[in-house]
Amino acid sequence: MRKTISALSLCILAGSGLRAQDSPLPDSIPARRNSLFPIPVIGFSPEKGFEFGVAALYSYYSDKKDPSPWTRNSTASILSTFTTNSQFKFDVRFENWTKDNNFHIKTNFRYHNFPFYFYGMGDTTQYKNRSLVGNKRYKFSVEAEKRVTSHFYAGLSLMYQHDRFTVDEQKGIYPLADLQDKEGGYATFLGVTGVYDNRNNQNYCTGGTFVRTNVSYAPSFLSKHPLWRLELKASHFIPISAKSTLGLNAYGHSLQGNTLPFYLMPEMGNDNIMRGYYTGRYRDQNYLAAQAEYRYFLDPKKHIKFWFIDMKPTFALAGFAGTGTVFKNGGFTTAGLKPNYGLGLRYFYDKAARITLRVDYGWGEKRPGEKRQSGFYISLSEAF
């Protein structure tokens, strides 16, 4: 069972404290400025050994020469880790907003040589049947959207993914499973995107709506198999009081085609939705999930001043609950819906942009003969 620890050093807190502002978050927005927040990553698991690395997020504004008060902050993030078992992970992401948010561009490059647990297909997999599978993945994606009305964006997307899989031990369900492209494959998805976004902030939102739809196609001359991919994300935020917000979130993902590689099928569970489930514990052709999250802003009004540290930390408490399921075409049933719930804490390290360090613990279902599923998450962004 994996156990991971992300250690926050004193210098990290100090660096964020130097950017802290005096104004309470719900009432005013401080003057914008760039910020950098790194997190050392330390972990251990039997299948990987000791893991070391760093995660960092840099926030900036792309219209520095001709600033607009409406321009959202852009971000660049990196995650890089290695293990004592010679495994490696590298992930870099950019999200750029141009002046007045007229263009929105996102890019991501990821390479990893990391094992994962494969539990089987469907929504009734068993823990005892899991197999440890080695995976080498190259992934690149880019999305570019242009604002066409005050709150509507339209754009194009491209995603390339290449996978290779190996099994060192003939244990569990994977060696005998009848899976499409069991040793790996590749796909290039070309898509169109539509976005409605009137949120008051894209980081820690306290009011507004966000809806994103993407339809993409993987042609046979650029992919191992022709495929269709459909994705929907929707969020709505309701301000309850000056310090509390209720967020509602829904997600849908579907893979269509005559030949479906198992590794491209939607997977339940991650640090954003259905928190508490191991990513890929349940996977199938379609995935639907929904959640609600209550957030309460907390300002202890404490001034911490020590050596080069000068900060007035602010936080938010969170509680969340949701449900979701994976299923084949025509196989959706309410009986297949699985629960999740949990608690979290947010630390505002950049009040101007409302960027948080998020710590969550989520619980999932308890299957017969197994412990209740759960997960611990540390992220440099909100779940939605």
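Every read-out reported here was derived from the displayed coordinates using simple, explicitly stated rules and does not represent laboratory data. Remember, predicted model here, so these are calculated numbers, not experimental data. So basically every Cβ, Gly included, is an ideal-geometry build from the backbone, and we count neighbours across all protein chains shown.
Numerical summary
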item: In the range 215-240, residue farthest from Q285 (Cα to Cα) [restricted to those that are among the aliphatic types (A, V, I, L, M) and outside any loop (DSSP other than H, G, I, E, B)]; result: I238
item: Residue among L176, L156 that is free of Cβ contacts under 8 Å to residues at least 60 places away in the same chain, part of a strand (DSSP E or B) and surrounded by fewer than 17 Cβ atoms within 10 Å (Cβ to Cβ); result: L156
item: From A76, A55, residue being hydrophobic (A, V, I, L, M, F, W, C) and farther than 24 Å from E267 by Cβ; result: A76
item: Any hit, the range 64-76, residues being under 30 Å from A353 (Cα atoms) and among the acidic types (D, E); result: yes
item: All positions within the range 333-377 that are in a loop (DSSP other than H, G, I, E, B) and within 20 Å of R33 (Cα to Cα); result: K351, A352, A353, R354
item: Residue under evaluation K64, criteria (1) in a strand (DSSP E or B); (2) more than 28 Å from F189 (Cα to Cα), criterion not met; result: (1)
item: Qualifying residue in the range 269-279 (condition: of a type in the set (D, E, K, R), touching a Lys or Arg at 6+ places or on another chain (Cβ under 9 Å) and over 18 Å from R358 (Cα atoms)); result: no
item: Some residue of the range 129-142 being under 17 Å from Y263 (Cβ atoms), assigned to a loop (DSSP other than H, G, I, E, B), of a type in the set (D, E, K, R) and touching a strand residue (DSSP E or B) at 6+ places or on another chain (Cβ under 8 Å); result: yes
item: Number of positions in the range 299-332 that are charged (D, E, K, R) and either assigned to a strand (DSSP E or B) or under 30 Å from Y251 (Cα atoms) (or both); result: 3
item: Complete set of residues in the range 101-120 that are part of a loop (DSSP other than H, G, I, E, B) and either basic (K, R) or in contact with a helix residue (DSSP H, G or I) (Cβ under 7 Å, 6 or more places away or on another chain) (or both); result: Y119, G120
item: Single unsatisfied condition, M121 versus (1) under 29 Å from D284 (Cβ atoms); (2) among the aliphatic types (A, V, I, L, M); (3) without any contact (Cβ under 8 Å) to a residue 40 or more places away in the chain; result: (3)
item: Tally of residues being farther than 24 Å from R93 by Cβ and either among the basic types (K, R) or surrounded by 14 or more Cβ atoms within 10 Å (Cβ to Cβ) (or both) across the range 333-384; result: 17
item: Hey, I304 in contact with a helix residue (DSSP H, G or I) (Cβ under 8 Å, 6 or more places away or on another chain) and either over 24 Å from P38 (Cβ atoms) or of a type in the set (A, V, I, L, M) (or both) or not; result: yes
item: Residue match in the range 186-196 (condition: over 17 Å from the mean Cα position of the chain (by Cα), closer than 25 Å to G134 by Cα, of a type in the set (S, T, N, Q) and crowded, with 16+ Cβ neighbours inside 10 Å); result: yes
item: Tabulated pairs, the range 227-243, first β-branched (V, I, T), second loosely packed, with under 15 Cβ neighbours inside 10 Å and in a strand (DSSP E or B), C-beta under 7 angstrom, 6+ apart or interchain; result: I238/L246; I240/L246
item: Of all residues in the range 32-78 being under 30 Å from N198 (Cβ atoms) and among the basic types (K, R), the one that is surrounded by the most Cβ atoms within 10 Å (Cβ to Cβ); result: R72
item: Residues of the range 251-296 classified as part of a strand (DSSP E or B) and either closer than 19 Å to G331 by Cα or in contact with a helix residue (DSSP H, G or I) (Cβ under 7 Å, 6 or more places away or on another chain) (or both), total; result: 13
